[in-house]
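To keep things clear, I will list the structure first and then write my remarks on it.
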Amino acid sequence: MLRAASLPMLDPATGLSPAEQIAAHYRGAVASGTLAPGDRLPPIRAVAEALGLTRAVVQSAYRQLVEDKVVRATVGRGTEVLGTAGAAPVRAPIARVALQAMHVLERAPCQPQADPSDELIADFGSLAPDPATMPVDEIADALRSALREDGAQLLGYGDPAGHEGLRAALAARHVDRGLGDRSRVLVTSGAQQGIDLVLRSLTDPGDAVAVALPTYPQLFGALAAHDLQLVPVPMRGAALDLDALREVLPRVRLVYVMPTFHNPTGLTMDLPARRALMDALGDSDVWLCEDEVECELRIDGEDLPTLQSLDVRDRTVVVRSFSKGLFPGVRLGWIEAAPEWIAPMAALKRFADIECSPLLQAALLRLIDSGILDRNLATLRDQLREKHRVMQAALQRWMPESVRWTTPDGGLSMWVELPSHVDARELARAAARNGVIATPGDIFLPRPHSSNGLRLALSRVSLAAIDAGVRVLAEHVREATSPSAPIRSVPLLL
Ligand SMILES: Cc1ncc(COP(=O)(O)O)c(C=O)c1O
């Protein structure tokens with residue numbers, strides 16, 4: 001398999017042809033010392049296959065590099081990097097993974113925003129809980145009581161795997177498999193660190209990771225930061241396209257999915273889809289990362305078994321968080337996995353940040369034990385149920401027939417699919433100018449990609465603003481689908 005860093009990332013926005021981009025990539029790698037004299041470029045066939053190009057395109061890039069005396073092509077030895085006449089290779093000042101992470105950040109498509117001087121009609125953009133729902137006084141009390149009772153201990157170092165009582169409480173609440181076994185729990189700094197630890201402990205740089213698209217946008221940077229190659233797998237409604245997954249399975253090390261209240265679509269994989277996914281994984285040794293950050297926000301129906309509980313191989317790692325059901329500033333989440341997989345993640349965490357704050361963990365345990373977390377979750381669910389109901393009614397009322405949308409059983413967001421020729425980014429930009437914030441679907445796809453989907457988040461928008469916000473969006477859809485609007489073509493999901 002090719003290392004991700006040994007492959008150029010093609011970007012039409014550069015204005016360069018694919019051959020020019022390939023040549024520029026390897027020229028840069030030689031200049032920075034990433035490729036040293038004597039190193040080989042990947043075979044032409046492999047690069048062509050990985051980038052979906054013809055061999056002739058890659059051949060012409062390599063020919064250019066030979067002409068420029070950057071490499072030499074020898075029968076039987078492949079394409080070899082040449083020395084630079086005694087000059088020491090120039091080393092990049094910072095690590096390649098840092099460059100890649102910065103590259104992703106710099107190029108990430110942004111969220112269209114309203115002009116601060118304009119009236120904001122509805123904010124469907126933010127996925128963070130509404131500050132008005134945060135139990136600030138109860139959190140202050142929990143912190144005070146933790147300090148009063150165990151202050152001296154909590155202000156020192158604690159257990160790197162997490163506060164013992166909190167891990168036991170989390171195991172009792174959530175762990176489907178080996179219920180109550182705290183050795184299956186590692187406390188992390190939010191689900192984001194959970195994802196980071198999964199990638200760092202279960203993959204090697206250069207590995208490929210299958211990702212159901214569209215997906216959580218911070219994953220793109222996380223993959224780049226670990227030198228991992230994203231292998232896209234389309235979604236079919238709430239489920240993965242299993243034929244596509246089976247095809248890529250032999251070359252991927254890990255699969256990342258959000259089976260419950262998927263971000264951005266809000267969809268949940270039903271039990272047959274969960275079983276079918278596990279069947280597709282069969283007895284392979286491919287890891288599964290199950291992101292369950294919104295799973296406590298169910299407003300309808302029954303909780304479903306986690307993929308982990310269905311995984312007879314016990315190679316599924318669940319990442320969870322307090323960010324959506326409580327507040328993201330606590331920066332606490334946790335991983336659930338078999339103890340033998342928790343151990344390497346705990347070791348990596350120890351050398352990354354030693355541990356999560358013992359004081360915050362102890363306060364959180366008090367919020368759990370006193371029932372405040374559950375009460376807060378119940379309130380959040382009631383509010384979300386109302387918001388989803390009003391949102392569905394508003395979409396039904398205002399949207400043209402050509403628009404489709406999801407009807408989630410919970411979670412903070414839903415997905416609206418516009419007619420296939422409408423570019424959601426252009427529409428979201430125009431809506432933002434009229435005081436309605438929505439997130440265009442391209443944010444949830446690797447660059448460069450356009451989308452006809454919009455994520456509408458319900459966490460921060462007030463109940464009263466939903467109808468007016470949807471009405472504005474619908475007006476923009478009508479404008480974009482009027483016979484005089486330019487015709488473009490963008491991919492469909494639903
Ligand atoms: C799907 C998904 N995974 C992980 C995270 C990261 O959550 P945390 O704040 O716990 O790091 C988020 C945050 O929005 C998310 O939507």
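Computed from backbone phi, the HN-Hα couplings of region 193-203 come to 5, x, 4, 4, 5, 4, 5, 6, 8, 10, 10 Hz, rounded to whole numbers (Karplus: 6.51 cos²θ - 1.76 cosθ + 1.60, θ = phi - 60°; Gly and Pro given as x). FRET efficiency for the pair Glu67 and His421, taken as 1/(1 + (r/R0)^6) with r the Cβ-Cβ distance and R0 = 60 Å, rounds to 0.90. Going from the residue with the fewest nearby Cβ atoms within 10 Å to the one with the most, Lys324, Lys387 rank Lys387, Lys324. As an exercise, use a Förster radius of 30 Å and the Cβ-Cβ distance of Leu147 and Glu119 to find the FRET efficiency, rounded to the nearest 0.05. The value I calculate is 0.10. Here the gap between Ser183 and Thr54, fully extended at 0.36 nm per residue and compared with their Cα-Cα distance, gives a gain of 41.4 nm. Label separation (Ala343 vs Leu463): 5.2 nm, computed from points 7 Å beyond Cα along the C-beta direction.
Across region 392-402, coupling constants 3J(HN,Hα) worked out from phi with the 6.51/-1.76/1.60 Karplus curve, θ = phi - 60°, read 4, 5, 5, 5, 4, 6, 9, 6, x, 4, 6 Hz, and Gly and Pro carry x.
Relative to the Cα centre, the charge distribution of the chain, modelled as +1 at Lys and Arg Cβ and -1 at Asp and Glu Cβ, gives a dipole magnitude of about 1260 debye. Residue separation of Leu99 and Asp279 scaled by 0.36 nm, minus their Cα-Cα distance, works out to 61.0 nm of gained length. Think of region 338-477 as a dipole: +1 on every Lys or Arg Cβ, -1 on every Asp or Glu Cβ, centred on the Cα centre; then among Ser420, Ala352, Val390, Val390 lies furthest on the positive end.
Using Cβ point charges alone (K and R +1, D and E -1), the dipole size of region 183-294 about the Cα centre works out to roughly 40 debye. With the charge dipole of the chain set up from +1 on Lys and Arg Cβ and -1 on Asp and Glu Cβ about the Cα centre, the Cα lying farthest toward the positive end among the listed residues Gly333, Val472, Pro234 is that of Pro234. Sites counted here are GluC sites (Glu not before Pro) in a DSSP loop (not H, G, I, E or B) having no more than 14 other Cβ atoms within 10 Å; the longest part of the chain that contains none of them is 120-301. With unit charges on the beta carbons (Lys and Arg positive, Asp and Glu negative) and the dipole taken about the Cα centre of the chain, which residue among Tyr256, Leu304, His25 sits farthest to the positive side? About the Cα centre, the residue reaching furthest to the positive side is His25. When only the Cβ of Lys, Arg, Asp and Glu is charged (+1, +1, -1, -1), the dipole of region 219-364 relative to its Cα centre reaches about 320 debye. For a straight C-alpha distance cut-off of 26 angstrom, the lysines reachable from Lys324 (same-chain residues fewer than eight places away being disregarded) are Lys349, Lys387.
Values quoted throughout were computed directly from the atomic coordinates according to the rules given, and no laboratory measurement underlies them. Since the structure is predicted, the reported quantities are computational estimates derived from the model, not experimental observations. Glycine also receives a Cβ, built like all others from the backbone with ideal geometry; neighbour counts cover every protein chain displayed.
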